[in-house]
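Trainee: One structure, pasted below without further comment.
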Amino acid sequence: NHPEFYALYNGKRTTSGKTPEHCLSSEGLFEENLRYIRTMFDKYDLPAISVMPDDGYTKICECHLCKGKDTPERGVNGKMSDYVWEYVNKLAIEVEKTHPDKFIIGGAYSAYFLPPEKIEQLNSNVMVHLVNGRRRFNDLSLIKGYSFSQKERVEIAKKWSDLTAGKVIN
């Protein structure tokens, strides 16, 4: 019913398929997500809710609103960090207005694993979930694109901790 909620690729909205991708610049998607989050907090009194994109979310929407929000120069692990985390943070700011004691969880994963560079500090109710943490300590030469040493992994976790005032889970 809302094709504008979905990513635009090659001139078409991806409203079908295994996992249709979202346009994180869609104001309608944002408002619907915000309504859903508030409903879940009100109905179930959850302490936190995840707003992590679907698995395989590795390509930015090609609409004019999303253009330039990616950072391809950061490589496979960070090319969508600023784009995804801007959306997570925007939701968190709005949720805090009505549910100041609740948390918004975003997953540091795949193309948005690295901390964003255009956000100085995430809102106080943002919690970061480091996804696939254990795998990343293994022999990384076998995992294309995820070439972090254990030391680098710890440094990345520290950067996330600084951005969230220590609200990092694994």
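The values are calculated or read from the model by the stated rules, or taken from the named source; none is laboratory data. The structure presented is a predicted model; accordingly, all values stated were derived computationally and were not measured. Virtual Cβ from ideal backbone geometry, glycine too; neighbours counted across all protein chains shown. Note: accessible area is taken over every heavy atom of the protein model, side chains too, but ligands, DNA and RNA are not part of it. Shrake-Rupley method; radii C 1.70, N 1.55, O 1.52, S 1.80 Å.
Trainee: So which residues in the range 13-46 are at pLDDT 95 or above and open to solvent by 90 Å² or more (accessible area, probe 1.4 Å)?
Mentor: Of everything in the range 13-46, those that are at pLDDT 95 or above and open to solvent by 90 Å² or more (accessible area, probe 1.4 Å) turn out to be Glu27, Glu31, Arg35, Tyr36, Asp42, Lys43, Tyr44, Asp45.
Trainee: Then there is this: Do we have any residue at all in the range 72-90 that's among the aromatic types (Phe, Trp, Tyr), part of a helix (DSSP H, G or I) and at pLDDT below 95? Steps first, answer last, please.
Mentor: Step one: filter the range 72-90 for residues among the aromatic types (Phe, Trp, Tyr), giving 83, 85, 87.
So of that shortlist, the ones also part of a helix (DSSP H, G or I) come out as 83, 85, 87.
Subsequent filtering for residues that are at pLDDT below 95 retains none.
Scanning the range 72-90 turns up no residue that is among the aromatic types (Phe, Trp, Tyr), part of a helix (DSSP H, G or I) and at pLDDT below 95.
Quick grid of which residues meet (1) over 12 Å from the mean Cα position of the chain (by Cα); (2) basic (Lys, Arg):
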position	(1), (2)
Glu21	yes, no
Ser25	yes, no
Glu32	yes, no
Lys43	yes, yes
Lys59	yes, yes
Glu86	no, no
Asn89	no, no
Ser110	no, no
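Trainee: Here's another thing I want to ask about it. Quick check: anything in the range 22-35 assigned to a strand (DSSP E or B) and touching a residue at least 24 places away in the same chain (Cβ under 8 Å)?
Mentor: Within the range 22-35, one or more residues are assigned to a strand (DSSP E or B) and touching a residue at least 24 places away in the same chain (Cβ under 8 Å).
Trainee: Filter the range 120-161 for residues that are out of contact with any Asp or Glu (no Cβ under 7 Å at 6 or more places or on another chain), modelled with pLDDT of 85 or more, surrounded by 13 or more Cβ atoms within 10 Å (Cβ to Cβ) and not small (Gly, Ala, Ser) and give the result.
Mentor: If the condition is that a residue be out of contact with any Asp or Glu (no Cβ under 7 Å at 6 or more places or on another chain), modelled with pLDDT of 85 or more, surrounded by 13 or more Cβ atoms within 10 Å (Cβ to Cβ) and not small (Gly, Ala, Ser), then Leu122, Val126, Met127, Val128, His129, Leu130, Val131, Ile156, Lys159, Trp160 are the ones that fit.
Trainee: Just to be sure, is Ser81 open to solvent by less than 30 Å² (accessible area, probe 1.4 Å), in contact (Cβ under 8 Å) with a residue 12 or more places away in the chain and of a type in the set (S, T, N, Q)?
Mentor: For Ser81, the condition - open to solvent by less than 30 Å² (accessible area, probe 1.4 Å), in contact (Cβ under 8 Å) with a residue 12 or more places away in the chain and of a type in the set (S, T, N, Q) - is met.
Trainee: Going by the structure shown, is Glu73 among the acidic types (Asp, Glu), under 27 Å from Gly11 (Cβ atoms), surrounded by fewer than 22 Cβ atoms within 10 Å (Cβ to Cβ) and over 12 Å from the mean Cα position of the chain (by Cα)?
Mentor: So Glu73 fits the description; yes.
Trainee: Any residue in the range 107-134 that's within 16 Å of Ile49 (Cβ to Cβ) and in contact (Cβ under 8 Å) with a residue 60 or more places away in the chain: show its pairings with residues that are among the basic types (Lys, Arg) and in a loop (DSSP other than H, G, I, E, B) at Cβ separation under 9 Å, as long as the two are six or more apart or on different chains.
Mentor: Close Cβ pairs (under 9 Å, with a partner that is among the basic types (Lys, Arg) and in a loop (DSSP other than H, G, I, E, B)) amount to Met127/Lys167.
Trainee: Considering every residue within the range 107-116, establish whether at least one is assigned to a helix (DSSP H, G or I) and open to solvent by 10 Å² or more (accessible area, probe 1.4 Å).
Mentor: Going residue by residue through the range 107-116, those that are assigned to a helix (DSSP H, G or I) are 110-112.
Now restrict to residues that are open to solvent by 10 Å² or more (accessible area, probe 1.4 Å): 110.
Checked against the condition, which is being assigned to a helix (DSSP H, G or I) and open to solvent by 10 Å² or more (accessible area, probe 1.4 Å), the range 107-116 yields at least one hit.
Trainee: Quick test of your reading of the structure: Asp55 fulfils all but one of (1) at pLDDT below 95; (2) open to solvent by less than 80 Å² (accessible area, probe 1.4 Å). Name the failing condition by number.
Mentor: (2)
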